[in-house]
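A.B. asks: Submitted below is the structure of interest, expressed as structure tokens.
The values are calculated or read from the model by the stated rules, or taken from the named source; none is laboratory data. Owing to the predicted nature of the structure, the values given are computational and were not obtained by experimental measurement. Cβ placement follows ideal geometry from the backbone for every residue including glycine, while neighbour counts extend to all protein chains displayed. Just so you know, the surface numbers come from the protein's heavy atoms only, side chains and all, with ligands and any DNA or RNA stripped out. Shrake-Rupley method; radii C 1.70, N 1.55, O 1.52, S 1.80 Å.
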Amino acid sequence: AQFAFQENEIKLLTAEIERLKNFGCLGVSPSLEGLRDENAKLKYRLNFLKKSLQEERTKSVKSMININSCLQEIFGAAIQAAYPDLENPPLVVTPSQQPKFGDYQCNSAMAISQILLKTREQKVIPREIAEKIAKNIPANECIEKVDIAGPGFINVHLRKDFVSKQLSSLLINGVQPPAVGKRKKVVVDFSSPNIAKEMHVGHLRSTIIGESMCRLFEFAGYDVLRLNHLGDWGTQFGMLIAHLQDKFPDYLTVSPPIGDLQAFYKESKRRFDTEEEFKKRAYQCVVLLQSKNPDFIKAWNLICDVSRREFQKIYNCLDITIIERGESFYHEMMKDIVKEFEDKGFVQVDDGRKVVFVPGFPVPLTIMKSDGGYTYDTSDLAALKHRLCEEKGDILIYVVDSGQSVHLQTVFAAGQMIGWYDPKVTRVAHAAFGVVLGEDKKKFKTRSGDTVRLIDLLEEGLKRAMDKLKDKERDKVLTPEELKAAQTSVAFGCIKYADLSHNRLNDYVFSFDKMLDDRGNTAAYLLYAFTRIRAIARLANIDEQMLRKAAREEVLVLDHEKEWKLGKCILRFPEILQKILEDLLLHTLCDYLYELATTFTEFYDSCYCVEKDRQTGQIVKVNMWRLLLCEATATVMAKGFDILGIKPVQRM
């Protein structure tokens with residue numbers, strides 16, 4: 001019906017343009033300029049309708065609609081029709097903060113008023129501009145009406161049948177992302193611990209944030225490459241191999257039982273710092289390793305394998321999927337990187353070192369040391385080039401702490417300077433994050449002042465989650481398997497959510513007590529709310545098949561203000577995801593899930609889903625459209641949890 005309506009309007013507009021053309025040729029019109037303006041408006045409206053019709057037909061009907069984007073297109077067309085000569089007019093559409101101001105607001109009129117005053121010296125009050133925009137809104141299926149408030153805010157009221165239809169589509173098709181056009185490739189560099197050193201709390205943020213970003217881009221339809229840029233090459237391996245030769249001389253034939261690699265590293269470092277002979281031998285080992293001597297490559301692999309096994313334990317706990325591609329992967333490419341910068345005249349020699357100065361950055365990149373060795377700068381440049389030129393990444397994201405910001409920006413600028421990428425075409429971003437603090441607001445350490453081992457932190461989380469579940473007497477109502485599932489879900493879900501719910505740019509305080517609190521914006525609260533929502537239909541003896549049938553047959557009535565509020569909140573999900581794809585700030589998703597859970601509570605407290613006899617407790621009536629709203633809420637929450645890497649459980 002919508003397609004037929006739009007096609008009919010296209011025919012009428014095409015005829016109107018022809019009529020105006022004829023008038024212009026005959027010279028009948030008293031105002032030729034007026035005709036041209038009218039013609040321009042009609043042409044723009046015609047093009048808008050043709051474009052939107054084509055997009056609607058090609059876009060999968062299963063995709064969720066981003067209502068904000070739809071409204072921006074509609075108001076973009078209206079502004080263009082109202083002010084055809086205005087280049088790149090400001091377009092501001094946001095959800096309304098109060099129901100009395102409608103569902104969304106277009107706040108462009110004030111900004112357009114300022115532009116007209118500055119560029120044309122025309123003084124037009126914003127309210128007049130808002131009225132002109134409102135008159136030029138093209139036909140569409142989502143807006144019921146608009147009204148103008150205050151100095152020029154355009155309040156948008158959505159059509160209830162449109163919202164109801166989108167909710168039905170969500171229930172039938174599941175949470176499907178809006179179409180993204182050409183499938184782009186995203187390379188995400190995250191986690192990146194160092195071989196021979198244990199993962200500590202400092203690796204927690206990069207690992208959790210990076211995994212969640214990958215999940216989001218994958219859900220949105222991108223081709224995602226998850227890379228673990230391990231610190232697996234460098235001078236430290238000389239002392240580790242020398243120590244391995246001394247401690248396990250038969251390492252080539254008998255696998256050495258290195259149980260505690262951290263202690264092994266500390267022993268070798270102590271010897272390196274105190275024994276001159278050992279130090280000399282360590283340097284010789286580095287040379288032999290870099291020349292690919294088979295015995296030394298085997299020693300290096302043995303050490304790397306011990307670390308890999310320990311890292312994998314943590315990745316298994318946190319459900320992390322990642323491909324190892326450490327510094328050693330780029331070693332053979334570094335010679336060519338140095339040559340390329342030399343050939344293009346970017347290299348200067350400073351006290352024997354080869355350095356590259358990048359405009360706008362005070363500290364140069366050292367691409368070769370005076371002894372001929374390479375540096376982190378060289379390996380980072382090699383990695384950047386490989387990701388751009390070999391992997392053909394359209395978007396590169398480095399999830400690395402804020403302390404590396406200047407270094408990474410210098411590397412990115414160097415890649416741009418040498419011509420590896422154009423920032424207008426390829427996005428290269430540093431998703432920086434702050435440090436984890438203890439409850440004393442200082443860097444999170446153990447009581448003895450050591451860095452907190454990540455595996456110890458996860459084990460403590462499991463213990464505390466079980467204590468919390470037993471405090472709530474969950475062990476008396478859940479089977480041992482259900483209790484174990486709830487423990488894992490709560491422990492790891494709370495650790496992840498506590499990180500992701502904070503703006504990643506800020507430091508955050510790590511507190512088990514706060515993250516396990518089942519009140520407020522925590523995973524414990526959301527997991528419990530989700531389990532409760534899922535139980536509503538089950539307790540009413542409504543199974544999945546009955547819900548699927550109802551989704552196809554029932555009209556979702558949204559007459560109660562709390563039903564309407566919940567329905568609109570559910571459909572904001574694509575807007576939230578689109579914002580995060582742009583700014584990479586995942587706390588927005590956490591805030592949204594908390595808002596959705598609290599909006600659901602308001603709905604559930606005001607609207608009976610299942611009506612029971614007060615005397616017998618027997619079910620008298622099931623309001624199926626409200627159960628469908630419960631199901632839609634749970635479906636969106638489940639996808640939100642999945643993006644955050646949180647596993648909900650059916651019983652908790």
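A.B. asks: Roll a 1.4 Å probe over the protein heavy atoms and report the accessible area of His203 in Å², nearest 10.
C.D. replies: 30
A.B. asks: Taking the mean number of other Cβ atoms within 10 Å as a proxy for protection, how do you rank 169-176, 324-331, 466-473 from highest to lowest? All intermediate terms of the calculation are to be shown ahead of the outcome.
C.D. replies: Details: 169-176: 17.1, 324-331: 19.8, 466-473: 14.6.
So the peptides 169-176, 324-331, 466-473, ranked by packing, come out 324-331, 169-176, 466-473.
A.B. asks: Share of Cα-Cα pairs in the chain beyond 31 Å, in percent? Mind dumping the intermediate values first?
C.D. replies: Numbers: 136567 of 212226 pairs.
The calculated P(r) of the chain puts 64 percent of pairs beyond 31 Å.
A.B. asks: Per residue of the stretch 269-283, what does 6.51 cos²θ - 1.76 cosθ + 1.60 with θ = phi - 60° give for ³J(HN,Hα)? Whole Hz please, x for Gly and Pro, Karplus curve as stated.
C.D. replies: 5, 4, 5, 4, 7, 10, 10, 5, 5, 4, 4, 4, 5, 4, 5
A.B. asks: Seen from all sides and averaged, what is the projected area of the convex hull of the Cα atoms in the stretch 65-158, in nm²?
C.D. replies: Details: hull surface 22.7 nm².
Computing the convex hull of the Cα atoms and averaging its projections yields 5.7 nm².
A.B. asks: While we're here: Given the chain, what percent of its DSSP beta bridges are antiparallel, to the nearest 5? All intermediate terms of the calculation are to be shown ahead of the outcome.
C.D. replies: Working: 25 of 43 bridges.
Beta bridges within the chain, antiparallel portion: roughly 60 percent.
A.B. asks: Need the full-extension length gain, Ile323 to Asp161, defined as separation in residues times 0.36 nm minus the C-alpha distance. One decimal, nm. Before the final figure, lay out each step's value.
C.D. replies: Numbers: separation 162, 0.36 × 162 = 58.32 nm, distance 4.64 nm.
Answer, rounded to one decimal: 53.7 nm.
A.B. asks: Expressed as a rounded percentage, what relative contact order does the chain have, with Cα pairs under 8 Å and six or more residues apart? Don't skip to the end; give the middle numbers.
C.D. replies: Details: 922 pairs, mean separation 85.5, N = 652.
Worked out over the chain, it gives 13 percent.
A.B. asks: Further question: At 25 °C and a viscosity of 0.890 mPa s, what translational diffusion coefficient does Stokes-Einstein give for the stretch 457-644, taking Rh as the Kirkwood radius over Cα pairs? Give it in µm²/s as a whole number.
C.D. replies: 136
A.B. asks: Related question: Ordered by packing density, taken as the mean number of other Cβ atoms within 10 Å over each peptide's residues, highest first, how do 129-137, 579-587 rank?
C.D. replies: On the way: 129-137: 19.9, 579-587: 16.6.
Per-residue Cβ counts within 10 Å, averaged per peptide and sorted highest first, yield 129-137, 579-587.
A.B. asks: Here's a follow-up. For Asn194, enumerate residues with amide H under 5 Å from its amide H, sequence gap 5+ or separate chain, H modeled in the peptide plane.
C.D. replies: Residues meeting the criterion, in which the H sits 1.01 Å from N, are Gly231.
A.B. asks: Now for a different question. Summing -39500 (n - 2.57) over the DSSP H runs of n ≥ 4 in the chain and dividing by its residue number, what mean residue ellipticity at 222 nm do you reach, to the nearest 500 deg cm²/dmol? Before the final figure, lay out the partial values.
C.D. replies: Details: 23 runs with 354 residues, N = 652.
Mean residue ellipticity, 222 nm, calculated: -18000 deg cm²/dmol.
A.B. asks: Using a Förster radius of 41 Å, what is the FRET efficiency between Lys443 and Thr601 based on their Cβ-Cβ separation? Nearest 0.05, please. If you can, show how the numbers build up before the last one.
C.D. replies: Values: r = 37 Å, r/R0 = 0.91.
For R0 = 41 Å, the calculated efficiency reads 0.65.
A.B. asks: Continuing with this model, one more query. Give the calculated FRET efficiency between Lys123 and Glu582 to the nearest 0.05, with a Förster radius of 45 Å applied to their Cβ-Cβ distance. Could you put the intermediate results ahead of the total?
C.D. replies: Numbers: r = 35 Å, r/R0 = 0.78.
According to the calculation, E is roughly 0.80.
A.B. asks: Now for a separate question. Within a Cβ distance under 15 Å of Val435, other residues only, what is the Lys/Arg minus Asp/Glu net charge? Please report the intermediate quantities before stating the final value.
C.D. replies: Details: positive: Arg205, Lys441, Lys442, Lys443, Lys445, Arg504; negative: Asp401, Glu439, Asp440, Asp499, Asp507.
The answer is +1.
A.B. asks: Over the alpha-carbon set of the stretch 157-221, divide Rg by the Kirkwood Rh and report the Rg/Rh ratio to two decimals. Each step should come with its number before you reach the end.
C.D. replies: Numbers: Rg = 19.0 Å, Rh = 15.4 Å.
So for the stretch 157-221, dividing Rg by the Kirkwood Rh gives 1.24.
A.B. asks: Which peptide among 364-373, 634-643, 289-298 comes first, and what is the full order, when sorted by highest mean count of other Cβ atoms within 10 Å?
C.D. replies: Working: 364-373: 16.3, 634-643: 20.6, 289-298: 14.3.
The packing order, highest mean first, is 634-643, 364-373, 289-298.
A.B. asks: May I pose another question? Which entries of Lys185/Lys639; Lys496/Lys647; Lys484/Lys647; Lys184/Lys579; Lys197/Lys647 show an alpha-carbon separation above 20 angstrom in the structure shown? Don't jump to the answer; show the numbers that get you there.
C.D. replies: On the way: Lys185/Lys639 22 Å; Lys496/Lys647 11 Å; Lys484/Lys647 13 Å; Lys184/Lys579 17 Å; Lys197/Lys647 29 Å.
Pairs exceeding 20 Å: Lys185/Lys639; Lys197/Lys647.
A.B. asks: Separation between the Asn541 and Tyr608 pseudo-spin-labels, each 7 Å from Cα along Cα→Cβ, expressed in nm?
C.D. replies: Going by the 7 Å Cα→Cβ label model, 1.8 nm.
A.B. asks: Take the residue pairs Lys476/Lys562; Lys472/Lys565; Lys445/Lys470; Lys269/Lys298; Lys145/Lys165 and return only those whose Cα atoms are more than 24 Å apart.
C.D. replies: Values: Lys476/Lys562 35 Å; Lys472/Lys565 32 Å; Lys445/Lys470 28 Å; Lys269/Lys298 21 Å; Lys145/Lys165 18 Å.
Lys476/Lys562; Lys472/Lys565; Lys445/Lys470, as the Cα separations exceed 24 Å there.
A.B. asks: Right, something else. Taking 2.2 N^0.38 Å as the expected size of a compact globular protein, what ratio does the Cα radius of gyration of the stretch 235-316 give against it, to two decimals? Show your work: numbers first, answer last.
C.D. replies: Details: Rg = 12.6 Å, N = 82, 2.2 N^0.38 = 11.7 Å.
The value comes to 1.08.
A.B. asks: Of the DSSP beta bridges with both residues in the stretch 354-499, give the percent that are antiparallel, rounding to the nearest 5. Write down the numbers at each step before the final one.
C.D. replies: Working: 5 of 9 bridges.
Beta bridges within the stretch 354-499, antiparallel portion: roughly 55 percent.
A.B. asks: Please give the length that would be gained between Ile297 and Asn173 if that part of the chain were fully extended, namely 0.36 nm times their separation in residues minus their C-alpha to C-alpha distance (nm, one decimal). Show your work: numbers first, answer last.
C.D. replies: Working: separation 124, 0.36 × 124 = 44.64 nm, distance 5.23 nm.
Here the segment from Ile297 to Asn173 would lengthen by 39.4 nm.
A.B. asks: Moving on. Could you calculate the contour length gain from Lys392 to Asp591, that is, 0.36 nm times the residue separation minus the distance between their Cα atoms, to one decimal place in nm?
C.D. replies: Between Lys392 and Asp591, full extension yields an extra 68.2 nm.
A.B. asks: Is the shape of the stretch 119-199 rounded, prolate or oblate, going by the alpha carbon gyration tensor and its root eigenvalues a ≥ b ≥ c, with a/c under 1.5 for rounded and a/b larger than b/c for prolate? Mind dumping the intermediate values first?
C.D. replies: On the way: a/c = 3.23, a/b = 1.70, b/c = 1.89.
Oblate, since a/c reaches 1.5 and b/c is not below a/b.
A.B. asks: OK, next. Among residues other than Lys562 whose Cβ falls under 9 Å from its Cβ, what is the net charge (Lys/Arg +1, Asp/Glu -1)? Write out the running numbers ahead of the final one.
C.D. replies: Details: positive: Lys565; negative: Glu561, Glu563, Glu602, Asp605.
So the environment of Lys562 carries a net charge of -3.
A.B. asks: Mind giving me the FRET efficiency for Arg308 and Arg532? R0 is 25 Å, r the Cβ-Cβ distance, nearest 0.05 is fine. Spell out each step's value before the answer.
C.D. replies: Working: r = 41 Å, r/R0 = 1.63.
Efficiency, rounded to the nearest 0.05: 0.05.
A.B. asks: Modelled label-to-label distance, Lys484 and Gln618, 7 Å Cα→beta-carbon offset: nm?
C.D. replies: Here the answer is 4.2 nm between the modelled labels.
A.B. asks: Per residue of the stretch 539-554, in order, report the coupling 6.51 cos²θ - 1.76 cosθ + 1.60 (Karplus, θ = phi - 60°) as ³J(HN,Hα) in whole Hz, putting x for Gly and Pro.
C.D. replies: Once θ is set to phi - 60°, the couplings for the stretch 539-554 become 6, 8, 6, 9, 8, 4, 4, 5, 5, 4, 5, 5, 4, 7, 9, 7 Hz.
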